[in-house]
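For reference, the structure is listed below as structure tokens.
Each reported figure results from applying straightforward, stated rules to the coordinates on display, with no laboratory input. Predicted, not measured: the structure shown is a model, and the values here were computed from it. All Cβ positions, even for glycine, are placed from backbone atoms using ideal geometry, and neighbour counts span all protein chains on display.
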Amino acid sequence: MAAPGRAAIPVHTLLFILLLLLPPPLRAAEPSEEPADTRGAAQARAHCVPAPITDVARLCVCDLLVAQCDVNCCCDPDCSPEEFSLFTACSVPVVTGDRHLCRQKAAVYSLDVGADPPERIFQLIDQVNPSIFCIHATNYKQALYLKSPEMPTPENFDDLLNEFGSAAFSAEPESWNTDTDAPDPPDANETQRYEYGVPVQTEDAFLRLPSPVVSSWCSDANPAGFLVNQATKCIRSVSVEKCESIQALNMLFYINSSILAVPKSSQMVNISVQSIVVQSLDGMRTLLKGADVLRLPMILDELCLNIVLGVSYHITYTDTGEIIEAAAAFVLGAITKEALSIQQSFQISFTQVDTKPVPLSGNPGYVVGLPVRAGFWPQGSGITQSTNKPSQLSILQSTSTQDCLAAQGARAPVLFGYNMISGCKLRITAAMKCQPLAQTLLDVLKGQNFPEYVASFGNSQAQDVLDWVPITHLHISEQSSCQIPVSFGIEVKWTKYGSLVNPQARIVNVTATLTTITLKQLPSGRERTIPVTSSVVFTDISSPAEPGYKAWPTINIKLPFDFFYPFV
């Protein structure tokens, strides 16, 4: 019975009002034949929104000075109310966390100039991302962070060696949150093409590139990564009595397995022998004419001949990530019975097959505005060029976010005669480690595959190695154990070459200077922002041209020997 003077509200009306007050589902529900309890659990998961992982109230991108108040930085915790009253405006009015989330907290700062004295106003609001590609929920929150690596100690060294000392390893997360039905990410090897860093697969395992893992001794479990140029040296224990049975000293060990053209395919690419160089005991090397003849280790008069001292792989691939050719160049030598170990060298390089030749940048001299041609020089061949941006001379390309950790891979080509400068900002926290951060910044500044040589002329041919200028590297650093790169400058010196009427631009020197600073440990909860820059400068070092002869002509008069005959 309803109370007097009040109208009774039906139960179905109350349920309808409650449904209107509930937040909308993250995705539309579809008809399902699942039981009622399963559908209810799925709907509960659909309504879950992840809690903000980053406390935006503590973020402050304009806080640059340590223990000092930054001007017009309304989020600076070092500023007092008296200092806030002197501000004219907030340099950063809104501070947000991860912009990829569909719903997140935002800290809004403003100044109340009408108050006496003026004061700062702080508000914490909910911000909705209008993009349809935003992240509703995550099932592995550790993936949102750059996890600090575990440093080796005498106590955990054996465990780390067992976990990371093999050819391939994977770290399982401590716990998985199954609040969402997100599918597992696809494996990189399932794609029908090679991608950067993926191990080059063979019919039995992967292409071996022996290298030192823990000590200087060779480990044959190191895979060769696609498009990763490597050069390693390691030591191998040998003995003359057993040299014929040691696989790592035999040529067949490095060419007996065919390479898969693409991952997990049946198309094979055989490794051919490109050249064989024989090295004598005194270090003299001789190139054999017949490279198609295998030379196996053999014992002769207390010597072991034809053992492998070095291997150089050369892989040719297409722009679709398919390997079409593979060749190996060998250096064979001999050891005596007194030798207990030898040093082996291994190298691998990649070349993209081009349907069109690499375009020239002038004929013969460089033309202002065209890219500076660059490449690599594998020993025993000409200059290797590629149309890929990572293999050209390039600098860091500035982005709209100005975030160094997000700018990796964005490169801009170096154009002849154009002085360029770009940069980004690096936000450093107390949790960041020195060595991983330094390597990441080095990859951002130099790129994944910084070239070794630059063409002196715009039409320098790849086979004319003397027409290419090596890049000189300089390192300016402070005396400290923890150094991070903050600047990478390229200086290109060129001169005018040829006739006075039509001089041609010629590059004579290229210097790349890397500048590092000391990374000081920040207190817990503090942050610091430093600028990182990359620049290119072209310098004309030509001498003033003056018309004239190289040397004044001289008169050289010489009479014939019988000029005074018959008088003398």
Any idea what the dipole of the range 432-568 comes to, in debye rounded to 20, about its Cα centre with Lys/Arg Cβ at +1 and Asp/Glu Cβ at -1?
400 debye
Work out the P(r) tail for the range 448-531: percent of alpha carbon pairs separated by more than 18 Å, whole number.
61 percent
Per-residue Cβ neighbour rank within 10 angstrom, fewest leading, Cys234, Cys482
Cys482, Cys234
With all distinct Cα pairs included, what does the Kirkwood hydrodynamic radius of the range 56-128 come out to in Å, to one decimal, could you say?
12.8 Å
Sorted by average packing, counted as other Cβ atoms within 10 angstrom per residue and highest first, what order do 344-350, 106-112 take?
344-350, 106-112
At Ala89 and Thr318, where each label point lies 7 Å from the Cα along Cα→Cβ, what is the point-to-point distance in nanometres?
5.6 nm
Can you give the net charge of the other residues whose Cβ lies under 13 Å from the Cβ of Val331, counting K and R as +1 and D and E as -1?
+3
Give me the base-10 log of I(q)/I(0) for the range 287-371 at each q in 0.10, 0.16 Å⁻¹, Debye formula, one uniform scatterer per Cα, rounded to two decimals.
-0.49, -0.82
Compute the orientation-averaged projected area for the range 192-352 from the convex hull of its Cα atoms and round it to one decimal in nm².
9.6 nm²
The range 192-352: antiparallel bridges as % of DSSP beta bridges, rounded to 5, reads 70 percent
Cα-based equivalent ellipsoid, the range 256-336: semi-axes from gyration tensor eigenvalues, Å
32, 13, 9
Quick one: if you stick a label point 7 Å off each Cα along the C-beta vector at Gln397 and Val501, how many nm between them?
4.2 nm
Find out how many positive minus negative residues lie around Val537, taking Lys and Arg as positive, Asp and Glu as negative, among other residues whose Cβ is under 12 Å from that of Val537.
-1
If you average over every viewing direction, what projected area does the convex hull of the Cα atoms of the range 374-540 give, in nm²?
11.5 nm²
